[in-house]
Every structure is written in structure tokens, then in C-alpha cells.
Amino acid sequence: MTTVQNQMPDQLWQQAQTMVQQGLVANMDELIAESVRRYLESHFDMMNEQFIREDIDWGLHGQD
């Protein structure tokens, strides 16, 4: 497991703390890990498309 140090806007932090206090998530670590997981999943197709486009461009034009 990796430890991450981050800064975020106060309002976002307060909203996250409220979710933890209300028992919607077990703790802040779980909330942040789940948030990052969902972000990565939601952008996975976009990232793959970009990699494919770069590969096609490289295949058509070679490497400079």
C-alpha cells in the first residue's frame, strides 16, 4: 500500500468529512481510494483511445 499526501480545496475536504461522519464510507482513506478508482475507470476508454491514436500516428509517420 502506498501513502499519498495531497492538498484539496477546503470545501471539498469538508464534504468528504461529512460523508465519513454520516457513515456513508468507513473512513477518509476508503473514500479517497474509491474516488480515484472511479475516476480511473471513467477515463479508461479515453486513455486507451489516446494510446491507440498515438500508436497509429507512430505507425503511419514513424518516430522522429
Review point. Is at least one residue of segment 51-64 assigned to a helix (DSSP H, G or I), more than 20 Å from the chain's Cα centre (by Cα) and small (Gly, Ala, Ser)?
Key: yes
Practice item. Evaluate the following for Ala16: is it part of a helix (DSSP H, G or I), modelled with pLDDT of 85 or more and in contact with a Leu (Cβ under 6 Å, 6 or more places away or on another chain)? Key: yes
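Conditions tested, residue by residue: (1) β-branched (Val, Ile, Thr); (2) at pLDDT 90 or above; (3) touching a strand residue (DSSP E or B) at 6+ places or on another chain (Cβ under 6 Å); (4) surrounded by 11 or more Cβ atoms within 10 Å (Cβ to Cβ).
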residue: Ala26; (1), (2), (3), (4): no, yes, no, no
residue: Glu30; (1), (2), (3), (4): no, yes, no, yes
residue: Glu34; (1), (2), (3), (4): no, yes, no, yes
residue: Tyr39; (1), (2), (3), (4): no, yes, no, no
residue: Met46; (1), (2), (3), (4): no, no, no, no
residue: Ile56; (1), (2), (3), (4): yes, no, no, no
residue: Asp64; (1), (2), (3), (4): no, no, no, no
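The values are calculated or read from the model by the stated rules, or taken from the named source; none is laboratory data. Since the model is a prediction, treat every value here as computed from it, not as a measurement. Virtual Cβ from ideal backbone geometry, glycine too; neighbours counted across all protein chains shown.
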